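Structure, as structure tokens:
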């Protein structure tokens, strides 16, 4: 659990790091503190290769897609962010596995909490991170010393959690089918365990994202807007101000929007970042090590955070939470 012992100077590094600051939302010393647009892909049953393969395997699990394993390429030899260790491209062998079609929704997470009386880490810590556009001008002024030093569009806000995702005075009304956010890696693991599932490995997540395609940027191919249609929920306009929301969403969208590939997976890229099981550094034995997250979020823009690609990756500590960070589950086949 983080504690802050003194004043830190605000360091404004806007744009200097080539990202939206999502990987800086760690609880340890990360803030300045005073004491219906659905992708029109072919359905699975119209894709011959996948249909034939799928029919030979186990029956479907409700809400999950069976992803073929084998030898698959992950990563890229054309990285956009060297520091993110996107390269090199490498061949990995995977067993067949199931992957949730959708990100875990508020409704699903509420079922878990009701059944277990679980308390998330954000609730225990008493705060989480919110993006500036969810705060009015008076709140931004009041909390100006609680911004992330190198990404001052992020604020550490008391009273924010999965129950109050967009501010202390908000609730889940109208957001029932939106992805649960403000959940840490440990919260995600607890949910998956309760559901009889697990978090996907990074390789599994990326294999699902690629939808059987090789060396493509996105789950559906290389063009961001096929037929000039939006296929994902990201930032349009000038970051970090002036989101035009041309895709129909200023913040998160429902988990059943934007079907993105023939594996019948939704919002693999965009909407919210998703936790994976993998450590960022395999030898990290710290109390709260960094874990890999994938997929980018509704706050990603190519000028700052071109991470809404299958090969893209980032990291946060296990106890971190934010308004654009969620998860989906996997299961052994």
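The values are calculated or read from the model by the stated rules, or taken from the named source; none is laboratory data. No experiment lies behind these values; they were computed from the predicted model shown. Here the Cβ positions follow ideal geometry from the backbone for every residue, glycine too, while neighbour counts run over all protein chains shown.
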(message) Checking the conditions here, which among 104, 32 is surrounded by 15 or more Cβ atoms within 10 Å (Cβ to Cβ) and at pLDDT 95 or above?
(response) 104
(request) Go through (1) assigned to a strand (DSSP E or B); (2) out of contact with any strand residue (DSSP E or B) (no Cβ under 9 Å at 6 or more places or on another chain) one by one and return the number of the condition residue 115 breaks. (result) (1)
(request) Quick one: in the range 153-168, of everything that is touching a strand residue (DSSP E or B) at 6+ places or on another chain (Cβ under 8 Å) and part of a loop (DSSP other than H, G, I, E, B), which residue is surrounded by the most Cβ atoms within 10 Å (Cβ to Cβ)? (result) 160
(request) May I ask you to list the residues in the range 85-98 that are in a loop (DSSP other than H, G, I, E, B) and out of contact with any strand residue (DSSP E or B) (no Cβ under 6 Å at 6 or more places or on another chain)? (result) 85, 86, 87, 88, 95, 96
(message) Here is a check on your reading of the model: is residue 331 under 17 Å from residue 151 (Cβ atoms) and not in a loop (DSSP other than H, G, I, E, B)?
(response) no
(request) Please find, among 120, 116, the residue that is buried (at least 20 other Cβ atoms within 10 Å of the Cβ) and at pLDDT 95 or above. (result) 120
(request) Give the range 74-94 a look and list any residue that's surrounded by fewer than 16 Cβ atoms within 10 Å (Cβ to Cβ) and more than 13 Å from residue 307 (Cβ to Cβ), or say none. (result) 77, 78, 82, 87, 88, 89, 90, 91, 93
(request) Could you list, in sequence order, all residues of the range 68-84 that are in a strand (DSSP E or B) and either over 20 Å from the mean Cα position of the chain (by Cα) or over 15 Å from residue 201 (Cβ atoms) (or both)? (result) 70, 71, 72, 73
(request) Kindly provide the set of residues from the range 136-152 that are surrounded by 18 or more Cβ atoms within 10 Å (Cβ to Cβ) and within 18 Å of residue 243 (Cα to Cα), ordered by number. (result) 151, 152
(request) Output the residues belonging to the range 217-272 that are farther than 25 Å from residue 205 by Cα and not in a loop (DSSP other than H, G, I, E, B). (result) 227, 228, 237, 243
